[in-house]
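Engineer: Would you mind keeping the following structure in view while I ask a few things?
What follows draws every value from the coordinates through simple rules; no lab data is involved. Note that this is a predicted model, so its numbers are computed, not measured. Don't worry about glycine lacking a Cβ; one is built from the backbone with ideal geometry, like all the others, and counts go over all protein chains shown.
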Amino acid sequence: MTDMNKFIAGLNEDLAHEYQAVIAYTAYAAQVTGPFRPALRSFFLAEAADELKHAQMLADKIAALGGVPTVEPAPVPQATSPRAMLEAVLAAETETVARYAERMAQAEELGELALVAELHEMIVDETHHKEEVAKMLEGFPE
Ligand SMILES: [Fe+2]
Ligand SMILES: [Fe+2]
């Protein structure tokens, strides 16, 4: 496998996780119950919109690099309680920030400088998501 093929495979893994995030946020927004439903629902729907933009950017980039964008999402964790939803989201966002940091280093090595900038922007978004969810979980009822 060439470096570029390996890189495209990595971007497809990222894309599968962005689709996972779109599905998880959409499902959780629909399912969330309890007194915090209005706030959590708005938050989840706003996140879903961000993740869809990320997915679109990655799919475009994969196609531009000569690859085939995946149509398979990564497995979506089911969650029923609001706390379990937030915990699932925190784990996913944390993992995503780490994956994008690695992808950014690879993009830099390959001289894909526009993509470096786009990955940087996504790291900003995902870190923001992650920090917001961590704050919401502080003192969140079981
Ligand atoms: Fe994302
Ligand atoms: Fe995110």
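Engineer: With +1 on the Cβ of every Lys and Arg and -1 on the Cβ of every Asp and Glu, and nothing else charged, how large is the dipole of the chain about its Cα centre, in debye rounded to the nearest 20?
Structural biologist: Using only the charged Cβ atoms, the result is roughly 480 debye.
Engineer: Then there is this: So if each residue of separation counts as 0.36 nm, and I subtract the Cα-Cα distance between VAL68 and HIS120, what length gain in nm does that give?
Structural biologist: This chain segment gains 16.4 nm when fully extended.
Engineer: Specify which residue in the list PHE36, LEU90, LEU52 is farthest towards the positive end of the charge dipole of the chain, using unit charges on the beta carbon of Lys, Arg (+1) and Asp, Glu (-1), about the Cα centre.
Structural biologist: Going by the charge dipole, the pick is PHE36.
Engineer: If you don't mind, there's one more thing I want to ask. Please work out the Cα center distance from the range 1-57 to the range 70-113, rounded to the nearest Å.
Structural biologist: 8
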